[in-house]
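Student: Sharing a structure with you now.
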Amino acid sequence: DCAVNELLEFEDGSVGLALNLDEDSIGVVVLGNADGIEEQQTVKATGRILSVPVGDAMLGRVVNALGVPIDGKGEIVGAIMRRVEVQAPGIMGRKPVHEPLQTGIKSIDAMTPIGRGQRELIIGDRKTGKTTIAIDTIINQKGLGVKCIYVAVGQKGSTVAQTVETLRKYGAMEYTVVVAAPASDPAPFKYLAPYAGCAIGQQWMETSEHALIVYDDLSKQAEAYRQISLLLRRPPGREAYPGDVFYLHSRLLERAAKLSDERGAGSLTALPVIETKAGDVSAYIPTNVISITDGQVYLQDNLFKSGVRPAVDVGISVSRVGGAAQIKAMKSVSGTLKLDLAQFRELEAFATFGSELDAISKAQLERGYRLVELLKQPLNSPMPVEEQVVSIFAGTKGYLDDVPVPDVRRFEQELLEHMRSRNGSMLAGIRQNPKADVPADLAGVVAAFKKSFTPTPVGGVEADPTKTSAGEVGEAASKKTLATE
């Protein structure tokens, strides 16, 4: 007798996983090197279902898809074993998402907020900053009591090593486990790695803790599963994927949840990553995962190349449940932000034809340029939510409308430094009381700071605050030069 997902042992000591159970044969994938396996050898059933070590002993470690450490730091001591495949929590065992999971990224926390227990897809072409968003979110959990799991599927070994080094540099490895199935690993490891990572996260969720898991990325897992299924002679479907490729991802992502108070109120938040080809979000795997998740952050190649980073496309990105988890102050300041940016993108496309715009459209366009500039953020520098509130307040309430676009980032930095040094208690109030609205005196503080802010002189000419772009300021400078000549 043999069960699905049971481990089988070959004569040379290698281990296989039973995936196909027929009347007279068993389809097995070998976990590891298959060179020593020959015809006529005996295969023993071990009676063990595939399990991985879980618990706090895993923190700070890098393991493979079977939970075996690959970081050269010796055995994992004190971990308990847990099955890789377990049933997702039922409907009655869940609770609506209501607590925020701050990513530290302004454009996401303001417009597509994520809550604890949510599944938010990060989707985009290759090299658009998908992994960066996931890593920044992990770095931002420092001191917030959220344990993280980063699952790397099908990436180069050097890329995984670089990611681990980044997490270590920012002190994030203290609360993170990395499950790595690099490109050099056999297909079964890439297929199992997300489930292994999920088992580690579920252990924390079921012990009333909060966990965050990143699957980077599920396109590679689907490809590995396609490879395994074709080798097992399962009938192929669309794009040669097997018929149950939807179930492959749905049973994984349904395991992320916010548990009810009776079950301990723990949570597991999932950030799956999907790579699109030439921006095609309507391909098979992307549409599957979009329909399973509670929203998506879409990163656009054109935005990334034009210097808008993170390259979040406001029009396609959406969060279906996270709005309930947003803190009240953020909800107040960012209410119009998404609409403003969507209108700006339309107007920008219209303005490229060189047509005359009315005063209202011009004002919207000018504010749009400043909001885009405001939402840019450097690599690996997540921002605390209370500072995001101040920053976005300045943008949406019109305090940046007459600040030259090149000075917007400097204005933001100096405003936040001013807030930290002079109004620390106001920032602490926003942070400690999620149900509190924007402090009434914030407008006065920002207005007073603005009076003391001096725009950058361009080429010896004081930048005119009514001038809207570096180009116009430069034009004013050249006119002055011609006049003196």
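Student: By counting other Cβ atoms within 10 Å of each Cβ, how are M92, M419 ranked from fewest to most? Walk me through the intermediate numbers first.
Tutor: Values: M92 9, M419 20.
Least crowded to most crowded, the residues run M92, M419.
Student: Next up: Can you give the FRET efficiency to the nearest 0.05 for K44 and E262, using r as the Cβ-Cβ distance and R₀ = 51 Å?
Tutor: Details: r = 42 Å, r/R0 = 0.83.
Given R0 = 51 Å and the Cβ-Cβ separation, E is 0.75.
Student: What is the sum of charges around S250, taking Lys and Arg as +1, Asp and Glu as -1, for the other residues whose C-beta is under 15 Å from the C-beta of S250?
Tutor: Overall, the nearby charge balance is -1.
Student: Where does each of 242-249, 197-204, 424-431 land if you order them by average Cβ count within 10 Å, highest first?
Tutor: On the way: 242-249: 17.6, 197-204: 26.0, 424-431: 15.1.
Ranking the peptides 242-249, 197-204, 424-431 by packing returns 197-204, 242-249, 424-431.
Student: Within segment 390-422, list the residues whose amide N lies under 18 Å from a label point set 7 Å along Cα→Cβ of A342.
Tutor: Only 396 pass the distance filter.
Student: Would you work out if segment 357-412 is rounded, prolate or oblate? Take a ≥ b ≥ c from the square roots of the eigenvalues of the alpha-carbon gyration tensor; rounded if a/c is under 1.5, else prolate when a/b is larger than b/c, oblate otherwise. If you can, show how the numbers build up before the last one.
Tutor: Details: a/c = 2.46, a/b = 1.97, b/c = 1.25.
Taking the square roots of the gyration eigenvalues as a ≥ b ≥ c, segment 357-412 is prolate.
Student: Compactness ratio of the chain: Cα Rg over 2.2 N^0.38 Å, N = residue count?
Tutor: Details: Rg = 25.9 Å, N = 485, 2.2 N^0.38 = 23.1 Å.
Against the empirical 2.2 N^0.38 Å value, I get 1.12 for the chain.
Student: As a test of the formula, what do you get for the chain when each DSSP H run with n ≥ 4 contributes -39,500 (n - 2.57) and the sum is divided by the residue count, at 222 nm and rounded to the nearest 500 deg cm²/dmol?
Tutor: Working: 16 runs with 188 residues, N = 485.
Here the helix-only value at 222 nm equals -12000 deg cm²/dmol.
Student: Additional query: Do any of K142/K435; K156/K328; K169/K451; K190/K328; K95/K328; K277/K435 go past 31 Å between their Cα atoms, and which?
Tutor: K156/K328; K169/K451; K190/K328; K277/K435
Student: Within segment 259-338, list the trypsin sites (Lys or Arg not before Pro) lying in a DSSP loop whose Cβ has at most 13 other Cβ atoms in a 10 Å radius.
Tutor: Numbers: sites: R263, K277, K305, R320, K328, K331, K338; in loops: K277, R320.
Passing sites in segment 259-338 are K277.
Student: Calculate how many DSSP beta bridges within the chain are antiparallel, expressed in % of all such bridges and rounded to the nearest 5.
Tutor: On the way: 26 of 55 bridges.
In the chain, approximately 45 percent of DSSP beta bridges are antiparallel ones.
Student: Rounded, prolate or oblate for segment 265-368? Axes are the square roots of the Cα gyration tensor eigenvalues, ordered a ≥ b ≥ c, and the cut-off for rounded is a/c under 1.5. Please list the in-between numbers first.
Tutor: Working: a/c = 2.79, a/b = 1.41, b/c = 1.98.
Judged from the Cα gyration tensor, segment 265-368 comes out oblate (a/c at least 1.5, b/c at or above a/b).
Student: For segment 54-118, just say rounded, prolate or oblate: build the C-alpha gyration tensor, square-root its eigenvalues into a ≥ b ≥ c, call rounded for a/c under 1.5, and beyond that prolate if a/b exceeds b/c, oblate if not. Each step should come with its number before you reach the end.
Tutor: Working: a/c = 3.21, a/b = 1.56, b/c = 2.06.
Oblate, since a/c reaches 1.5 and b/c is not below a/b.
Student: Just to verify a number: FRET efficiency for S355 and A3, C-beta to C-beta distance, R0 = 60 Å, to 0.05?
Tutor: Values: r = 68 Å, r/R0 = 1.14.
Calculated transfer efficiency: 0.30.
Student: Which order, highest average first, do 128-137, 141-150 follow once you tally other Cβ atoms within 10 Å for each residue and take the mean per peptide?
Tutor: Details: 128-137: 23.5, 141-150: 19.2.
Listed from highest to lowest mean packing, they are 128-137, 141-150.
Student: Would you kindly derive the ³J(HN,Hα) couplings of segment 260-273 from the backbone phi angles with the Karplus curve 6.51 cos²θ - 1.76 cosθ + 1.60 (θ = phi - 60°), listing them in order in whole Hz, with x for Gly and Pro?
Tutor: Coupling constants for segment 260-273: 5, 4, 5, 9, x, 6, x, 8, 10, 9, 10, 10, x, 10 Hz.
Student: R0 = 45 Å: FRET efficiency of Q432 with T456, Cβ-based, nearest 0.05? Write out the running numbers ahead of the final one.
Tutor: On the way: r = 36 Å, r/R0 = 0.79.
About 0.80, to the nearest 0.05.
Student: For every other residue with a beta carbon closer than 11 angstrom to the beta carbon of M419, add +1 if it is Lys or Arg and -1 if Asp or Glu, then tell me the sum.
Tutor: Working: positive: R420, R422; negative: E386, E387, E412, E414, E417.
With Lys, Arg at +1 and Asp, Glu at -1, the net is -3.
Student: Through the Karplus equation 6.51 cos²θ - 1.76 cosθ + 1.60, θ set to phi - 60°, convert the phi angles of segment 180-185 into ³J(HN,Hα) values in whole Hz; use x for Gly and Pro.
Tutor: 10, 10, x, 4, 6, 6
Student: To continue, here is another question. Please report the orientation-averaged projected area of segment 28-181, defined via the convex hull of its C-alpha atoms, in nm².
Tutor: Numbers: hull surface 52.4 nm².
Projected over every direction and averaged, the Cα hull of segment 28-181 covers 13.1 nm².
Student: Now a separate question. Could you tell me the extents of segment 50-325's C-alpha atoms along the three principal axes, largest first, rounded to whole Å?
Tutor: 48, 46, 41
Student: So, with +1 on the Cβ of K and R and -1 on the Cβ of D and E, and no other charges, what is the size of the charge dipole of the chain about its Cα centre, to the nearest 20 debye?
Tutor: Details: 53 positive and 60 negative charges, 236 e Å.
Rounded to the nearest 20 debye, it is 1140 debye.
Student: Per residue, how big is the convex hull around the C-alpha atoms of segment 266-314? Give it to me in cubic angstrom, could you? All intermediate terms of the calculation are to be shown ahead of the outcome.
Tutor: Numbers: hull volume 4.6 nm³, N = 49.
So the per-residue Cα hull volume is 95 Å³.
Where a number appears in this text, it was derived from the coordinates with a stated rule and is not lab data. All values reported here derive from a predicted model rather than from experimental measurement. Note that we place each Cβ from the backbone using ideal geometry, even for glycine, and neighbour counts take in every protein chain shown.
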